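Worksheet for the structure shown next.
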Amino acid sequence: LHRIPHPPHRVPLLGDVLGADRHRPLQDSMRFARALGPIYRRRAFGKEFVFVWGARLAADLADESRFAKHVGLGVANLRPVAGDGLFTAYNHEPNWQLAHDVLAPGFSREAMAGYHGMMLAVAGRLTDHWDRRQAAGHTVDVPGDMTRLTLETIARTGFGHDFGSFERDRPHPFVTAMVGTLTYAQRLNSVPGPLAPLLLRAAARRNAADMDHLNRTVDGLVAARRRSGGGEGDLLDRMLATAHPVTGEKLSAENVRKQVITFLVAGHETTSGALSFALYYLARHPEIAARARAEVDRVWGDTPLPGYEQVAKLRYVRRVLDESLRLWPTAPAFAREARQDTVLAGDHPMLRGAWALVLTPMLHREPEVWGEDAERFDPDRFTAAAVRARPPHTFKPFGTGARACIGRQFALHEATLVLGLLLRRYELRLDPGYRLTVAERLTLMPEGLRLRLERRPVPP
Ligand code: MNH
């Protein structure tokens, strides 16, 4: 450990937390990364935390035979909310494998093709809303509306539920409660564990109320499904009725509750951020937007509603999305622990159970991999040839290994579809005075992003 650099001024007890931006811990860690290099440590309240972003080190941590997901920091702080749900389960908890095997078919190609029609319907609610805003001469609230869209999409496709987000002026109370618990989980990292109940008394009370709200929403949704006696084989049906193909075991009622919360939250928050950042970059770079729009016009022609197959054909739009997730991966870190005593990248001895946090936004800007212009937005970094030329494990917006994102294809399909529809329908105008600032609540979101729209002639 002593060979890993750390900040020069360490305060007794507090460690390296002074001067830290409590509301933007990830961007704070990015600053430390730039100053200290590809692996560094920070001390907080007597504990050392190791941060990694060098490409060679991150690639070694991706070796599944020696490392696995570590449930730590933000993820661990979500255990009271999501328990042994898929995202927050410990590797050794039997409910991880059980739920993974039962739910994975819900993300197969066939399942995705089945969601496509509902995704289109929800996107139609977004464009109806944006048409009205545009006609009235108003700007649109990008993160707010992307959250409406992605919440309705996962709720409809996964759970046959309608939150009515587009019929509300303010965020749905479910979203407010979710943002509350995510923010609270992030804040728990900035106070010494034992003192949390004291320092965060008011916040802890609010958090309990938020968790209550999430639980009640989910219980209502599950009860409605039990009454109606099954849907059309969506995620909720799988959770309630599908037995494990080998063991015949089913998810318990308590675990179903955790999975529903997990999927409603993980299934929309990060996709909303990804769409918001992509729209920011498209509006900031009109020449890139024009190229993407030309692709949509060419590939979709004047089909009013693109089919499932037509979405994957938007190769350039997809590159815009990848490049947005490179600069701002909206789930910006993941932790890896040693399965046994080992040496990281031949340099750093690690005991079994020792862990490090991979800072994805810094890995994605590593100059040796992405070049000296790594901060520049350029979708052509994701042409097939460019991807082949890069070393493996250098682009990790969806994490790595057995515990990588189960919803990756779902998110990419939804986001590509929506970007295609929006590019085809609108020109996006950004206030030239807007400066990108990134808000953090474990996930990332562009702050205060509003766009002015101009309608294009579109198929009926
Ligand atoms: Mn998702 C795990 C990022 C969309 C459901 N997701 C992960 C991880 C990352 C991630 C990173 C791994 C975390 C870790 O190692 O600790 N996820 C994303 C991003 C998007 C995203 C950037 C959108 C863009 N995720 C989605 C969607 C769903 C979903 C959509 C569901 C429909 N994600 C999950 C679940 C897990 C996960 C569930 C946990 C998987 C597991 O551990 O088995």
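Observations on the structure shown:
- Residue-averaged [θ]222 nm for the chain, counting only DSSP H segments that reach four residues, each worth -39500 (n - 2.57): -15500 deg cm²/dmol
- Bins of 20 Å, starting at 0 and running to the largest distance - Cα pair percent for the chain: 24, 58, 18, 0
- Sum of side-chain charges, PRO457 neighbourhood, beta-carbon under 14 Å (Lys, Arg +1; Asp, Glu -1): 0
- Tail fraction, Cα-Cα pairs, the range 115-169, threshold 18 Å, whole percent: 28 percent
- In terms of surrounding Cβ atoms within a 10 Å radius of their Cβ, HIS364, HIS285 rank from fewest to most as HIS285, HIS364.
- Rg/Rh (Cα only; Kirkwood hydrodynamic radius) as it applies to the range 106-222: 1.08
- For the range 292-398, the Kirkwood hydrodynamic radius comes to 16.3 Å, computed from all pairs of different C-alpha atoms.
- The average projected area of the range 376-460, computed from the convex hull of its Cα atoms over all directions, is 8.6 nm².
- Spin-label model, GLU454/THR383: points 7 Å from Cα along the beta carbon direction are separated by 3.0 nm.
- Computed 3J(HN,Hα) for the range 431-439, one whole-Hz value per residue from the Karplus formula 6.51 cos²θ - 1.76 cosθ + 1.60 where θ = phi - 60°, is 4, x, x, 5, 10, 5, 10, 10, 8, glycine and proline marked x.
- Local electrostatic count at ARG187 - Lys and Arg +1, Asp and Glu -1, tallied over other residues with Cβ under 14 Å: +2
- Going by neighbour counts of Cβ atoms within 10 Å, the residues SER108, SER276 line up, fewest first, as SER108, SER276.
- Compared with the alpha-carbon gap, the fully stretched path from GLU93 to LEU1 is longer by 30.1 nm at 0.36 nm per residue.
- With the simple spin-label model, which puts each label point 7 Å out from Cα in the Cβ direction, the PHE107 to ASP373 separation comes to 3.4 nm.
- In summary, the range 260-330 shows an alpha-carbon radius of gyration equal to 1.24 times the 2.2 N^0.38 Å reference for compact globular proteins.
- Principal axis dimensions, the range 296-351 - Cα atoms, whole angstrom, descending: 59, 21, 19
- Proxy reagent accessibility, fewest Cβ within 10 Å first, across LEU279, LEU199, LEU412, LEU359: LEU199, LEU412, LEU359, LEU279
- Estimated dipole of the range 236-318 in Debye, rounded to 20 [Cβ of Lys and Arg +1, of Asp and Glu -1, Cα centre]: 180 debye
- The alpha-carbon atoms of the range 185-245, seen along their principal axes, cover 47, 26, 14 angstrom, with the largest extent given first.
- Pairs from LYS47/LYS250; LYS47/LYS69; LYS47/LYS396; LYS258/LYS396 whose Cα-Cα separation, in the structure shown, is over 30 Å: LYS47/LYS250
- Peptides 382-391, 203-212 ordered by average Cβ neighbours within 10 Å, highest first: 203-212, 382-391
- Take 317-324, 172-179, 121-128, 218-225 and order them by the average number of nearby Cβ atoms within 10 Å per residue, most first; the result is 317-324, 172-179, 121-128, 218-225.
Throughout, read-outs are computed from the coordinates displayed, never taken from laboratory work. Quantities reported herein were computed from a predicted structural model and do not represent experimental measurements. With ideal geometry, Cβ positions are generated from the backbone for all residues, glycine too; neighbour counts draw on all protein chains shown.
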